[in-house]
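In what follows, a structure is listed as structure tokens, so that the remarks can point back to it.
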Amino acid sequence: MRETRPRQDAPVFRPHNMDNTAQPRGSARRQFFADAARMTCGVGLLGLGVGLYARNATALPPAALRPPGALPEPEFSAACIRCGMCVRDCPYHMLYLARPEDPMPTGTPYFVARQAPCEMCEHIPCVKACPTTALDHALTDITQARMGLAVLVDQETCLNFLGLRCDICYRVCPVLDKAITLQQQSNVRTGFHTLFIPVVHSDHCTGCGLCEKACPTEIAAIKVFPLYMAKGQLSAHYRLGWVEKEKAGGSLVAPDIERHYHTPEGLKYEYGKGLSAVPPAQEAVPPAPTSPSGAPKALQGDRL
Amino acid sequence: MSPNFLHPGADAIAANGWLAAHRWLILRRASQLGILLLFMVGPWFGVWIVKGNLNYSYTLGVLPLTDPYLLAQMLVAGQSPADLAWIGAAIVVVFYLLVGGRGYCAWACPVNLLTDAAHWLRTRLGIKGGAHISRTARYWMLAMTLVVAAVTGTIAWEMVNPVSMFHRGLMFGMGLAWTVLLAVFLFDLFVMRRGWCGHLCPVGAFYGLIGRLSLLRMMLPRREACNDCMDCYAVCPEQQVIRPALKAIDGAPPVILDSACTNCGRCIDVCSKEVFRFGVAVPGVIGAAAPQPK
């Protein structure tokens, strides 16, 4: 009947109780503090382990993407209830719940674009299924989702970079001709062909991963990364001169320099147009001298 | 009469027949397996009665059920759920206020199947002794999980929680979660009798707190008939809850007031003297009731 007998604790050192006189209150209090200390230490150690493990596992591995509308990472693992409703309501069965051995919070949903990308359902059933704020219910337009950002990571293996007209990433993109555009460049290898370089635009890319899934090379040349990995950021004090110029309606620092080109006789060069023949009447016109009103804006009056 | 730990309930079987002496146990297993089955027919057969898992589920597109313990962790981690999760948690809390908080442990939680199996095997193998951890450890565990959630800003306990790991594993793929479950099984088998569910699990502790105000309780209307066969002690997963009510310690009423009682009903099964039955006890009223005359 060992199990039911009132438990005798391990011997406790009780200096004031050596003579076995009854001191119920004091001894009970000591016992209480001893138990509390034991529990605090034991359970506290366990909590420390759990906490450190949780801290380490909150960063997503680069290949794992969250469903549409997911909160940014530390908040997501606090808001996600790990119920898998998004997994169940995904009509394409491309979401998974992380298992204990996966390097992310156990039970949270993710997908791997190369295996099965987000098909960008118009009605976003995964977000509707979420019983918490882990997936933002304010997201009603799937093109506004930012699950990640496609990055053409390998220019050495991208077929379009090699001069082929693969274009698959461009053509499968659900935000066609906005998230990925083809930028024409001269093919310096052949000397007379054109390269159609896929360029991803972060203001339209949802990170669905269709491009990564469709990339025909052995390992995808274009990959979707979580935003924190894919996106850079300019320093807050940076200003783009051409943007500021447009805002101000003119050059803020100095007038654009009039360019002179040493061209063969009878020819002129214009930016964007190239060489052209000069009509005989224009040929002898010298450059106009700089007038006072044409002085740099910064030098007009006393204000910068 | 000496307690029969290997075959508790022999007297009850002799008196009432095997079926009657296992009635509540059978009902309980049916409940545990039935709940699992309700969840499993979706992934297995594509019949979606219940979606989700024990953390949050949605039944037939109308009934949300949320684990309030998870909701509590979410709140201290600084996040707030959406409406359905709030409603689901309210339904669960009200339900367990009615049927007894730790009814969750005995009737719904899948880990109970595992730890009951460990206990069964432990008894058969005659394993005795082991670690001593206070039954109050689970409340410390509960506090710890909430503190860790607040400090890390994540639901950290869900990383290791065997309860949700087991259930989620069955629904969504087990992965290496079986190692955690094996650890719980072996802990209960070799290290500590009723170790996980009875001493450590913070989920049980949370539902136990709900159980403090629960209506459905184990009554002992015929405690005078007790012949000290000890069979109820042998089967009870929370043995400490029986004695005050059974022996009227300090004039305790014939109701198990300890919120650690899981309302499993096994004591009803094994008692040949029909001391136990389920009953409704309004909290406060019963506790303040005049002591029964001895």
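The values are calculated or read from the model by the stated rules, or taken from the named source; none is laboratory data. It should be emphasised that the depicted structure is a prediction, and the values quoted were computed from it without experimental measurement. Positions of Cβ are backbone-derived with ideal geometry, glycine not excepted, and every protein chain shown enters the neighbour counts.
Values for this structure:
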{"quantity": "Residue count for the range B:179-191, restricted to those that are within 12 Å of chain A (Cβ to nearest Cβ) and more than 18 Å from B:I133 (Cβ to Cβ)", "calculated": "3"}
{"quantity": "Residue pairs meeting the criteria (Cβ under 7 Å; at least 6 apart or on separate chains; first at the interface with chain A (Cβ under 7 Å from one of its Cβ atoms) and on the phi > 0 side of the Ramachandran plot, in the range B:130-155; second aliphatic (A, V, I, L, M) and buried (at least 18 other Cβ atoms within 10 Å of the Cβ))", "calculated": "B:G153/A:A78; B:G153/B:A77"}
{"quantity": "Residue in the range B:88-100 that is facing chain A (nearest Cβ under 10 Å), within 28 Å of A:A54 (Cα to Cα) and touching a Gly at 6+ places or on another chain (Cβ under 8 Å) present", "calculated": "no"}
{"quantity": "Hits in the range A:39-92 - residues which are under 18 Å from A:G209 (Cα atoms) and either among the small types (G, A, S) or within 8 Å of another protein chain (Cβ to nearest Cβ) (or both)", "calculated": "A:A63, A:A64, A:G69, A:A70, A:V87"}
{"quantity": "Hits in the range A:126-164 - residues which are closer than 24 Å to A:N56 by Cα, within 14 Å of chain B (Cβ to nearest Cβ) and buried (at least 24 other Cβ atoms within 10 Å of the Cβ)", "calculated": "A:T132, A:A134, A:L135"}
{"quantity": "Test: residue in the range A:220-243 that is in contact with a helix residue (DSSP H, G or I) (Cβ under 7 Å, 6 or more places away or on another chain), closer than 30 Å to A:A64 by Cβ, at pLDDT 90 or above and outside any strand (DSSP E or B)", "calculated": "yes"}
{"quantity": "Any chance B:T154 is touching a helix residue (DSSP H, G or I) at 6+ places or on another chain (Cβ under 7 Å), farther than 19 Å from B:N263 by Cα and outside any helix (DSSP H, G or I)", "calculated": "yes"}
{"quantity": "The range B:220-234, residues that are buried (at least 23 other Cβ atoms within 10 Å of the Cβ) and part of a helix (DSSP H, G or I)", "calculated": "B:D231, B:C232"}
{"quantity": "For B:K247: the one exception among (1) charged (D, E, K, R); (2) under 19 Å from B:C109 (Cβ atoms); (3) without any contact (Cβ under 8 Å) to a residue 60 or more places away in the chain", "calculated": "(2)"}
{"quantity": "Strands (runs of 3 or more DSSP E) completely within the range A:80-189 that count 2 or more residues being touching a helix residue (DSSP H, G or I) at 6+ places or on another chain (Cβ under 7 Å)", "calculated": "A:149-152, A:180-187"}
{"quantity": "In the range B:83-109, the residues that are in contact with a Ser or Thr (Cβ under 9 Å, 6 or more places away or on another chain), without any contact (Cβ under 8 Å) to a residue 24 or more places away in the chain and either surrounded by 17 or more Cβ atoms within 10 Å (Cβ to Cβ) or not small (G, A, S) (or both)", "calculated": "B:W86, B:I87, B:A89"}
{"quantity": "Count of the range B:156-171 residues which are more than 8 Å from every other protein chain (Cβ to nearest Cβ) and within 19 Å of the chain's Cα centre (by Cα)", "calculated": "5"}
{"quantity": "Matching residues in the range B:67-86 - criterion: being more than 7 Å from chain A (Cβ to nearest Cβ) and farther than 29 Å from B:I268 by Cβ", "calculated": "B:L71, B:A72, B:Q73, B:L75, B:V76, B:D83, B:W86"}
{"quantity": "Selection status of B:L176, under 18 Å from the mean Cα position of the chain (by Cα), within 11 Å of chain A (Cβ to nearest Cβ) and not hydroxyl-bearing (S, T, Y)", "calculated": "no"}
{"quantity": "Of the criteria (1) among the charged types (D, E, K, R); (2) more than 12 Å from every other protein chain (Cβ to nearest Cβ); (3) free of Cβ contacts under 8 Å to residues at least 12 places away in the same chain, which one B:K51 fails", "calculated": "(2)"}
{"quantity": "Hits in the range B:118-134 (condition: among the polar types (S, T, N, Q) and either assigned to a loop (DSSP other than H, G, I, E, B) or within 17 Å of B:A183 (Cα to Cα) (or both))", "calculated": "B:S134"}
{"quantity": "The listed residue being hydroxyl-bearing (S, T, Y) and surrounded by fewer than 19 Cβ atoms within 10 Å (Cβ to Cβ), out of B:T145, B:T179, B:T154", "calculated": "B:T179"}
{"quantity": "Matching residues in the range B:55-70 - criterion: being crowded, with 24+ Cβ neighbours inside 10 Å, under 25 Å from A:P74 (Cβ atoms) and not charged (D, E, K, R)", "calculated": "B:N55, B:Y56, B:T66, B:Y69, B:L70"}
{"quantity": "Every residue from the range A:241-273 that is of a type outside the set (D, E, K, R), exposed (fewer than 10 other Cβ atoms within 10 Å of the Cβ) and within 29 Å of A:P198 (Cα to Cα)", "calculated": "A:W242, A:V243, A:Y271, A:G272"}
{"quantity": "Hey, A:H123 within 14 Å of another protein chain (Cβ to nearest Cβ) and either under 17 Å from the mean Cα position of the chain (by Cα) or not small (G, A, S) (or both) or not", "calculated": "no"}
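Okay, residues lined up against (1) within 28 Å of B:L36 (Cα to Cα); (2) part of a helix (DSSP H, G or I):
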| site | (1), (2) |
| --- | --- |
| B:V148 | no, yes |
| B:M165 | yes, yes |
| B:L170 | yes, yes |
| B:T179 | yes, yes |
| B:R193 | yes, no |
| B:F206 | yes, yes |
| B:L209 | yes, yes |
| B:M218 | yes, no |
| B:I242 | no, yes |
